[in-house]
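The next block holds one structure in the form of structure tokens; read it before the comments.
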Amino acid sequence: MDAAFTAEQDEMRRTLREILGKRCGPDEVKAAVRTTAGHDRELWQQLARQLGLPGIAVAEEYGGVGCAPADLALACEETGRALLPSPLLATAALCVPLIAALGTDAQRSALLPPLATGGLTAALAVSGPALATALALTGEDASGQWSGGGRAGGVQAHAVAAETAETTDTAVAADTGWRLYGEAVQVLDGHSAGLLLVAAHTGGFVRSRTLLFLVREDAPGLVRSRQAVLDETRPQARIELRDVPAELLGAEGADVLGALAATGRTAAAVLAAEAVGAAGQALARTVEYVRQREQFGRAIGSFQAVKHRLADLYVQVQAARSAAYYAAWDPDQGGLALAQALEALRVTAGEAIQLHGGIGFTWEHDAHLYFKRAAADELLFGPVHRLRAHAADRAGLFADPAAARPREHPAADPDPDPTAAQPTAEEPTAADPASTTSPPAPPTPPAQEKVAV
């Protein structure tokens, strides 16, 4: 493994940091999240044109840059530093891999080019607060019960006759014979995305399965509303589907749960890098503050207790950064890296508020942006202890070694016949000659109980 970054990666990091430093300060972030889209559309187009940010991990044949997911993680580390509100995570980390893995040739050719250029954004909609479960970050559900399981609630899909379905002239045709009904909440950028990937349950109890469907923003019966959330830099929406026409992504026999799990591993590595960038910036701002803030005639950063706390934070952030870089190289370690990065961000943001003193406890202070990002990400993709527990289960750390060991048989009879009658204490055997001459001993009478008269 070569952990060194290439010249192209260093140049991408430098250019992205320069652009975000000019266009994405704390005041600009607060102004962008209060717009209708929830992000700065002009900045998003600039990042798409100059750096090809949405199409970093998209193949060149579909108009992308053709880089590896590690480059996307590296870019997200810089966006995490600035807490950039953008559809990058929902589009490039969640939806693009699913379309590339499950979509047909026609679907990939129609959808990936506009997604790579930033002209189209996408969002992944799953029923209920089950995004972490759907991506197999906190556990694996082989039956796909998180999508509804055939019961009331969730999103249900049913097939209809093709001739009764309405037709449209969009790139995603509606006359595919599928209709969706249900509700999905906590959909990242779901209020502004031009394309929705909806996970729905179909087949009832007989052929129960989970499939992914494509829904356009102008589909009839689709109702979207932005939700009030803790972290405004992660805009979320409630999606209501009222007999909405949809197109099946790929084929019915596709391994949707496997594709979601693979996407979850890559997304975890990207999220870990993003959290590390945010934690590093929160620490840097805190160090800068304690160098300037004076108490008792000296900077508070010169006190030994403050130095020790900052040193502990530095070690934790650097350890999380190492784990995030390793996960970018090996996405199978994404869940564990995400747990370490989220914990580092939460602790660093909390200490930043503490070390800023009274000004840090005001709700309007910039330190709260990092604290709210840490809390919101852990609610969406965690919690940390469940991420670690699932990683431990996958690694088999708590498996019983005795259960995996093969059963040992006695050496005298390596292959006993289970149908053969075995001797008991009441039946004499031929190997005991005394048993043929001596009569059996009489049974012992029960003991007499003493009764008081």
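The values are calculated or read from the model by the stated rules, or taken from the named source; none is laboratory data. Because the structure is predicted, anything quoted here is derived from the model rather than measured. Note that we place each Cβ from the backbone using ideal geometry, even for glycine, and neighbour counts take in every protein chain shown. Each accessible area value is taken on the protein alone, full model and side chains, heavy atoms only, with ligands, DNA and RNA left out. Shrake-Rupley method; radii C 1.70, N 1.55, O 1.52, S 1.80 Å.
The table below gives the values:
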quantity: Solvent-accessible area, 1.4 Å probe, carbon plus sulfur percent, for region 42-158; calculated: 52
quantity: Å² of accessible area per residue within region 308-356, as computed with a 1.4 Å probe and no ligands counted; calculated: 42
quantity: Segment residue 312-residue 49, extension gain: residue separation times 0.36 nm, minus the distance between their alpha carbons; calculated: 90.7 nm
quantity: Shape category assigned to region 348-397 from the gyration tensor of Cα positions, a/c cut at 1.5; calculated: prolate
quantity: Protection-proxy order for peptides 191-198, 224-231, each taking the mean of Cβ atoms within 10 Å per residue, highest first; calculated: 191-198, 224-231
